[in-house]
């Protein structure tokens, strides 16, 4: 039992180490200095207060996107639509942020709530179609991503601006930014969203592991037939799972709209945060606390990468290669497990 | 004496678990040799070693006196060893012939020579009295026929030595008799047979010798003519076993389950339960005997709410429960040991503890205001594990990690503990060994003696005859006869199950 748990922790750790090593080989082969590259990466992520602030800011939506993917996955569903749910959440949050001017205690929660509701709606549709007509959620969520992207762009152009490319800046009463955090981190874009995402992680853990709702959701995820036999409403749980997953994703969008950017702009393509959430969930073992660690790693890689071209002449794309390698090694965890058992045998 | 197969001191180890500990099995030419053992005793491992699926860690295999090495099933085929699997390996949409030639198709100028193949299949079928139509589609023929196709597959590939893996588990009594005739015909034609089984009656009836293994160890080889079922059971289990479950006459009370005119249609709209009537009283066990596919599954699913019914009435203690939700029915007082324990009975990736509260998790003390109380859950699990002798390292172990018998005990513990007025047990002992079967039968009778109504569905006539107080025979969705187990015979039941009217069966009511 505990041995199993140890392997579950060791596999992602090994995957990360292998990813970094193979990434170094790729750098060497392409004629870059891996040590300089990784030093720059590390400095760019944690080197001073500003960088730390930026890293934490980047970690925030990753945690929430990872939670969204993991929540659906733990209940037997594959939510590829986190990206779309995040986009509509972002849009809804900014909309509320620019449309009203209210006291902060009302305005900020209302904007976040709007984002959660939009994400929930975007999750409800594939959930309902799955429960009612057995349409596979992967297909529907992928299509919902495109609908979210282009609907959001259309709304930004015609409603939130006058055929412009971005909305107004949100009122300060809806913002997650604070002068205190800015002064702490040398004017980085760090905002209070990190606290919300950490709370969300605790909520996800509690909901899944400690409540009857979570028990039902997990049971349905593992075995629909047994859940039906036990008197659970399988269809209701499928919809609920997608809705809750959408709520996490929608709040991730609110973090971008109310914290990082304080507005919403027309997007040429996906933000990628929702898709990275799949990798975060995978690396984090679909567990709330694992996801926090995985999100920190991904956030650090993303932010630190920005420093690599100027400090070490290494293109940022190499970080994407490293990330891809890590995902590859996590996905091929069977291989790592095999190596671990071999090592254990020889140790005996 | 000439041996066609000799497995000498075979040893097979998985990790730290010794599955086969120096087992010796010698097969004479032209004999039917039984391999007897409980589930998990190592029968399948031994046969997989012979069939080339596992490599032995020790010992040697000789075929016709020559030492051989069998690295994969193709080599086993070349050596003339064929396996008739318990779970058929057939393509449903192919014909009999197409299935038989699959993998070794005869060709004529690049095309499959289906006519020649059909001719060969027909000849083989006639030679061994199998009566298989080479052109029939697998989906259209009975389970018994499908098994014969499996036999033909091995013969077509030139097997001299046939391994039958629990071949009678899926057959009706009549089909079992026919299979026995086929096996006898095979040995007359010079084939040799290894029969894997844990059914003692079959061994006594058809086998020449029997090798008993217990917990991975070879206990010995006996001549069937010099032994008896009691001795074999004791050798297999390691202690005395009682076949006839001891029970008092039933104290029948008021009706608990009353089914009237029930009609159930399957997803294709075909009537599978056809105006069925049945009553089960408090304090009695009613056994439903029937060939698989005559509406038993649908009947149970309709009673328990897993499937909607068209019309009729199902009353529990006088209250109408037809087409209520599974939860409403469960709360009315129905316990259900489902036919497929992996599909319906357990969430395999949940711990034993979590599985023990599958229908009660939302009630106190297991949860309060939507928050689970794991202490109460695992306390309950510990109590049931103890009470029902579920062998598990602890209550936190995943259900998946338990053996079938222990999974079944866990389900029975859970269902009985809820103290239902009606306990439905569907195939409760399928795939279990003698010891576990004895335990489960005792528990069912215990429920009866506590004044509960028990509805038992089983394809095992022994079980039906042994445990039931009344037997209801189901055929094509109808109860065609109700008989007293003390006044009937397996032959009569078999005929009733096959659709004969009672008069034709030669029994007066």
Self-check item: Candidates B:492, B:504, B:460, filtered to the one that is modelled with pLDDT under 85 and under 28 Å from residue B:432 (Cβ atoms)
Solution: B:460
Quiz prompt | Subset of the stretch B:166-182 [part of a loop (DSSP other than H, G, I, E, B) and in contact with a helix residue (DSSP H, G or I) (Cβ under 8 Å, 6 or more places away or on another chain)] | solution = B:171, B:172
Practice problem: Sort out for me the helices (runs of 4 or more DSSP H) sitting completely within the stretch B:62-165 that have 3 or more residues that are closer than 25 Å to residue B:207 by Cβ, at pLDDT 90 or above and touching a strand residue (DSSP E or B) at 6+ places or on another chain (Cβ under 7 Å). | Solution: B:143-156
Exercise. Go through (1) touching a residue at least 60 places away in the same chain (Cβ under 8 Å); (2) assigned to a strand (DSSP E or B) and name the single condition residue B:46 misses.
Key: (2)
Exercise. Those residues that are more than 20 Å from residue B:249 (Cβ to Cβ) and surrounded by fewer than 19 Cβ atoms within 10 Å (Cβ to Cβ), I need them from the stretch B:461-477; list them, please.
Key: B:462, B:476
Quiz item: With respect to residue B:371, is the statement that it is surrounded by fewer than 16 Cβ atoms within 10 Å (Cβ to Cβ) and at negative phi true?
Solution: yes
Quiz item: Within the stretch B:271-381, which strands (runs of 3 or more DSSP E) (wholly inside it) include 3 or more residues that are more than 29 Å from residue B:446 (Cβ to Cβ), in contact with a strand residue (DSSP E or B) (Cβ under 7 Å, 6 or more places away or on another chain) and away from every other protein chain (no Cβ under 11 Å)?
Solution: B:271-281, B:311-316
Exercise. Please find, within the stretch A:190-248, the residue that is nearest to residue A:73 (Cα to Cα) out of those that are more than 11 Å from chain B (Cβ to nearest Cβ) and without any contact (Cβ under 8 Å) to a residue 24 or more places away in the chain.
Key: A:203
Quiz prompt | Selection count, the stretch B:382-400, where residues are part of a helix (DSSP H, G or I) and either in contact with a helix residue (DSSP H, G or I) (Cβ under 6 Å, 6 or more places away or on another chain) or within 14 Å of chain A (Cβ to nearest Cβ) (or both) | solution = 3
Self-check item: Complete set of residues in the stretch A:130-158 that are surrounded by fewer than 18 Cβ atoms within 10 Å (Cβ to Cβ) and free of Cβ contacts under 8 Å to residues at least 60 places away in the same chain
Solution: A:133, A:134, A:135, A:136, A:139, A:143, A:150, A:154, A:158
Quiz item: If only one of B:315, B:215 is touching a residue at least 12 places away in the same chain (Cβ under 8 Å) and more than 27 Å from the chain's Cα centre (by Cα), which one is it?
Solution: B:315
Quiz prompt | Within the stretch B:203-234, tally of residues that are over 17 Å from residue B:30 (Cβ atoms) and in a helix (DSSP H, G or I) | solution = 10
Self-check item: Enumeration of residues in the stretch B:290-307 that are free of Cβ contacts under 8 Å to residues at least 40 places away in the same chain and either in contact with a helix residue (DSSP H, G or I) (Cβ under 8 Å, 6 or more places away or on another chain) or within 15 Å of residue A:232 (Cα to Cα) (or both)
Solution: B:305, B:306
Quiz item: For residue B:210, all conditions in the list (1) modelled with pLDDT under 85; (2) in contact with a helix residue (DSSP H, G or I) (Cβ under 8 Å, 6 or more places away or on another chain) hold save one; what is the number of the exception?
Solution: (1)
Quiz item: Pick from B:152, B:200, B:195, B:235: which is over 28 Å from residue B:121 (Cβ atoms) and surrounded by 22 or more Cβ atoms within 10 Å (Cβ to Cβ)?
Solution: B:200
Quiz item: Which fully enclosed helices (runs of 4 or more DSSP H) of the stretch B:401-509 have 3 or more residues being in contact with a strand residue (DSSP E or B) (Cβ under 7 Å, 6 or more places away or on another chain), closer than 25 Å to residue B:232 by Cα and assigned by TED's automatic domain parsing to the domain that holds residue B:348?
Solution: B:461-467
Quiz item: Looking at residue A:169, is it more than 19 Å from the chain's Cα centre (by Cα), assigned to a helix (DSSP H, G or I) and in contact (Cβ under 8 Å) with a residue 24 or more places away in the chain?
Solution: no
Quiz item: Is it fair to say residue A:150 is away from chain B (no Cβ under 14 Å) and either more than 23 Å from the chain's Cα centre (by Cα) or modelled with pLDDT of 95 or more (or both)?
Solution: yes
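The values are calculated or read from the model by the stated rules, or taken from the named source; none is laboratory data. Owing to the predicted nature of the structure, the values given are computational and were not obtained by experimental measurement. Note: ideal-geometry Cβ built from the backbone for every residue, glycine included; neighbour counts use all protein chains shown.
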